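Only the coordinates and a few stated rules stand behind these numbers; no lab work does. Please read these numbers as outputs of a predicted model, since none were measured by experiment. Cβ placement follows ideal geometry from the backbone for every residue including glycine, while neighbour counts extend to all protein chains displayed.
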Amino acid sequence: ATTLEALRAAMDAYDGCTIKPRATQLCFADGNPEAQIMLVGEGPGEQEDKLGKPFVGRAGQLLDRMLGAIGLDRTKVFIANMVPWRPPGNRNPTPEELALCAPFLQRQVELVNPRLLVTLGNVPTQALFETNQGITRMRGTWKTLNVGNWSGPVLPTLHPAFLLRTPAAKAQAWKDMLSLKQAIAEAGI
Ligand code: URA
């Protein structure tokens, strides 16, 4: 696919992933395809599955507030998920499902070609960094990564759904948001 629209159509037509038949619909990315900042989540939950849009439930509303606190909104970021179909009952995607869907996420990163990338929580962090290290160890430290043919700085941070369950961790997430804000300023974005 050479455009995001072509990629969306290819993803919609793909029948190789076992979670697709149990999902309501494809949950493609949201935000600005020209954005210089890209966020990667895990996969759609109930609300996302209903609306076909990532991060629209409670976790998404918290994410919007986190972005707002550093002057960002969905006109300035692009938001995608590791898997574009809701895993049944909101379970984590399996390694097989992640591997099958990885090329879709990689192509989104290549086509958007962001200057900065942020991973939200364990699942995208472990998948993209190819590590078993937990997010609490990984968060807050930028590393240069390759995602497909894209290469650039990636910041792992805590998932907003985790922050809803563990409000005490919000201080760490705030540090990460400030780190993102600084990186944006340094990159002249
Ligand atoms: N959690 C995610 O990781 N992605 C979404 O789109 C919604 C909740």
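What's the magnitude of the charge dipole for the chain around its Cα centre, counting Lys and Arg as +1 and Asp and Glu as -1 at the beta-carbon? Answer in Debye, nearest 20. Mind dumping the intermediate values first?
Working: 20 positive and 17 negative charges, 121 e Å.
That gives the chain a dipole magnitude of about 580 debye.
Would you list which lysines come within 27 Å of Lys143, measuring only between C-alpha atoms, while excluding same-chain residues fewer than 8 positions from it?
Partners within reach: Lys76, Lys170, Lys175, Lys181.
Between Gly45, Gly68, Ala35, whose Cα lies farthest towards the positive end of the dipole of the stretch 1-75 when Lys and Arg beta carbons carry +1 and Asp and Glu beta carbons carry -1, centred on the Cα centre?
Farthest along the dipole direction, towards plus: Gly45.
Can you work out D for the stretch 32-110 in µm² s⁻¹ from Stokes-Einstein, where Rh is the Kirkwood radius over C-alpha pairs, the temperature is 4 °C and the viscosity is 1.567 mPa s? Walk me through the numbers before you get to the answer.
Details: Rh = 13.2 Å.
Roughly 98 µm²/s, to the nearest whole number.
Can you give the Kirkwood hydrodynamic radius of the stretch 76-137 from its Cα pairs, in Å with one decimal? Numbers along the way, then the final one.
Numbers: mean 1/r = 0.0795 Å⁻¹.
Roughly 12.6 Å, rounded to one decimal.
Percent antiparallel among DSSP beta bridges with both residues in the chain, to the nearest 5? Walk me through the numbers before you get to the answer.
Details: 7 of 20 bridges.
Of the beta bridges lying entirely in the chain, close to 35 percent run antiparallel.
Taking the Cα atoms only, what angle lies between the long axis of helix 170-186 and the longest principal axis of the chain, rounded to 10 degrees?
That helix lies at roughly 80 degrees to the long axis.
Kindly express, to the nearest 10 degrees and within the range 0 to 90, the angle between helix 95-112's C-alpha long axis and the longest C-alpha principal axis of the chain.
Computed tilt is about 70 degrees.
Going by alpha carbons, how many degrees (0 to 90, nearest 10) lie between the helix axis of 58-69 and the longest principal axis of the chain?
Result, in degrees: 40.
When a/c reaches 1.5 or more, the comparison of a/b and b/c decides; with that in mind, is the stretch 14-173 rounded, prolate or oblate per its Cα gyration tensor?
Details: a/c = 1.28, a/b = 1.15, b/c = 1.11.
Rounded shape, in that the Cα axes give a/c under 1.5.
Please express the shape of the stretch 47-88 as an equivalent ellipsoid: the semi-axes are the square roots of 5 times the eigenvalues of the C-alpha gyration tensor, given largest first in whole angstrom.
They are 21, 11, 8 Å, listed largest first.
Quote the charge dipole size of the stretch 8-70 about the Cα centre in Debye, to the nearest 20; the model charges only the Cβ of Lys and Arg (+1) and of Asp and Glu (-1). Show your work: numbers first, answer last.
Details: 7 positive and 9 negative charges, 26 e Å.
For the stretch 8-70, the charge dipole is close to 120 debye.
Put +1 on the Cβ of every Lys and Arg and -1 on every Asp and Glu Cβ in the chain; which of Asn81, Leu116, His159 then has its Cα farthest towards the positive end of the dipole?
The residue sitting farthest along the positive end of the dipole is His159.
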